[in-house]
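Data block below; observations after.
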Amino acid sequence: MTAPADLSVVEDAEAQARFEDLIAQDSRIEPRDWMPDAYRKTLIRQISQHAHSEIIGMQPESNWISRAPSLKRKAILMAKVQDEAGHGLYLYSAAQTLGISREEMTQQLIEGKAKYSSIFNYTTPTWADMGAIGWLVDGAAICNQVPLCRASYGPYGRAMIRICKEESFHQRQGFEILLELMQGTEAQRRMAQEAVDRWYWPALMMFGPPDDQSPNSAQSMAWNIKRFSNDELRQRFVGMLVPQAEVMGVTLPDPNLKWNEAEQRYDMSEIDWTEFHEVLAGRGPANAERLRRRREAHEEGAWVREAAAEYARKQALKQKAVA
Ligand code: 3HC
């Protein structure tokens, strides 16, 4: 007779084989499927960081809602910031299917223990920054996130499909803001160019460290979570930007940016990785302000959470009484 302990070893081996088979077939893993602990942890790490980025990412732009130059621009910017909140919610929901609670993720963020994208730790001193964020930051997000629509974890991939559709609208509105400024007065053109100068390098850093310094890439690619490496996506992004910059008449602030026909890629200057690591360590231009504001919003929203919980409790009591 087989001992129960041996049975569980056989079951684990079968579950592992099923998981590997699904990955090999490029199929989806769903929440109820068995998955290795490391796969679950990697997904929680990436999806929660992504969700936090969307939520913190609302701040640099909401700063401009009341100062947008027209009612139309105000309405567009408000819709965009609301979209980011929605993206955060889809992503928190996807992470929750992996067994972590929304409260735990929020706590990690407000205690400064969780990462979110480096890009949202830069300031937005002029209206043109709204254009540069849309064009460069949302552009980089699309480039990075379209392949994630095929991520092996079902709830993540499906959330990404909807998010990417909305990011395309965000990117176009940013392009259009800059295009209009570039067709305006000398001062407006200068403001647009200065914003592009401010955001270009931080946008390239969004793709993460170079491939030879990216500890998570190889395993994430083997599990079909990431489909391309950080450097591959960065190259693809620069290739998208060059013709668009020409249409707008802005200059990408890299004197060494040049198409390399032999290598079929762009040569570019070395990215300042010291700046990237400083921002990740919490010493970027706006890290402290972003976290302070997030904490404040969390505290100010306590009454909403309490009211919702109380309503849910009363509804449950009512249903119990009827049953
Ligand atoms: N900002 C902050 N941290 C970063 C980072 C960045 N730009 N790039 C990399 N890192 C962190 C990683 O999270 C990892 O830290 P950890 O091991 O402590 O979790 C470390 O640096 C090493 O990087 P790796 O390349 O090994 O990490 P990954 O394989 O996870 O790749 C990534 C990093 C490309 C950002 C990947 O996680 C990813 O594609 N994430 C999903 C997309 C995402 O989160 N985008 C954030 C922007 S959201 C956004 O843009 C909103 C839109 O509305 C504008």
- Task: Test ALA17 against the criterion of being in a helix (DSSP H, G or I) and either at pLDDT 95 or above or closer than 14 Å to TYR156 by Cα (or both), and give yes or no.
- Result: yes
- Considering residues of region 143-168 that are within 21 Å of LEU77 (Cα to Cα) and open to solvent by 30 Å² or more (accessible area, probe 1.4 Å) only, the residue nearest to the ligand (Cβ to nearest atom): GLU166
- Candidates VAL247, VAL242 - the one that is open to solvent by 50 Å² or more (accessible area, probe 1.4 Å) and β-branched (Val, Ile, Thr): VAL247
- Message: Being in contact with an Asp or Glu (Cβ under 9 Å, 6 or more places away or on another chain), under 21 Å from ARG290 (Cβ atoms) and more than 10 Å from the ligand (Cβ to nearest atom) is the requirement here; does THR126 meet it?
- Response: yes
- Task: Return the only residue of ALA51, ALA68 being over 17 Å from LEU148 (Cβ atoms), in contact (Cβ under 8 Å) with a residue 12 or more places away in the chain and touching a Leu at 6+ places or on another chain (Cβ under 6 Å).
- Result: ALA68
- Do you know which of the residues in region 109-123 that are small (Gly, Ala, Ser) and within 8 Å of the ligand (Cβ to nearest atom) is most open to solvent (accessible area, probe 1.4 Å)? SER117
- In region 250-269, is there at least one residue being within 30 Å of THR124 (Cα to Cα), in contact (Cβ under 8 Å) with a residue 12 or more places away in the chain, of a type in the set (Ser, Thr, Tyr) and open to solvent by 70 Å² or more (accessible area, probe 1.4 Å)? yes
- Query: Among the candidates THR42, THR97, which residue alone is more than 12 Å from the ligand (Cβ to nearest atom), of a type in the set (Ser, Thr, Tyr) and surrounded by fewer than 21 Cβ atoms within 10 Å (Cβ to Cβ)?
  - Reply: THR97
- Message: Being at pLDDT 95 or above and within 16 Å of the ligand (Cβ to nearest atom): is that true of GLY301 here?
- Response: no
- Note on the structure: When region 48-69 is checked residue by residue, the ones that are within 8 Å of the ligand (Cβ to nearest atom), surrounded by 21 or more Cβ atoms within 10 Å (Cβ to Cβ) and outside any loop (DSSP other than H, G, I, E, B) are HIS50, SER53, GLU54
- Somewhere in region 4-12, is a residue of a type outside the set (Val, Ile, Thr) and under 17 Å from the mean Cα position of the chain (by Cα)? no
- Answer yes or no as to whether GLU84 is surrounded by fewer than 21 Cβ atoms within 10 Å (Cβ to Cβ) and in a helix (DSSP H, G or I). no
- Item | Residue match in region 42-65 (condition: modelled with pLDDT of 95 or more, over 19 Å from the mean Cα position of the chain (by Cα) and farther than 19 Å from PHE169 by Cβ) | no
- Taking only region 87-127 into account, find how many residues are part of a loop (DSSP other than H, G, I, E, B) and small (Gly, Ala, Ser). 5
- Restricting attention to region 208-222, the residues that are near the ligand (Cβ under 6 Å from one of its atoms) and either among the aromatic types (Phe, Trp, Tyr) or in a helix (DSSP H, G or I) (or both) number exactly 2
- Query: Has region 176-195 got at least one residue that is open to solvent by less than 30 Å² (accessible area, probe 1.4 Å), within 13 Å of the ligand (Cβ to nearest atom) and either modelled with pLDDT of 95 or more or on the phi > 0 side of the Ramachandran plot (or both)?
  - Reply: no
- Query: Restricting the first residue to region 205-223 and requiring it to be under 23 Å from ASP138 (Cβ atoms), which pairs with a second residue that is among the aliphatic types (A, V, I, L, M) and assigned to a loop (DSSP other than H, G, I, E, B) meet a Cβ separation below 7 Å and a spacing of at least six or different chains?
  - Reply: MET205/ILE271
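The values are calculated or read from the model by the stated rules, or taken from the named source; none is laboratory data. All figures in this text were calculated on a predicted structure; none of them were measured in a lab. In this analysis, Cβ positions are derived from the backbone assuming ideal geometry, glycine residues included, and neighbour counts consider all displayed protein chains. Each accessible area value is taken on the protein alone, full model and side chains, heavy atoms only, with ligands, DNA and RNA left out. Shrake-Rupley method; radii C 1.70, N 1.55, O 1.52, S 1.80 Å.
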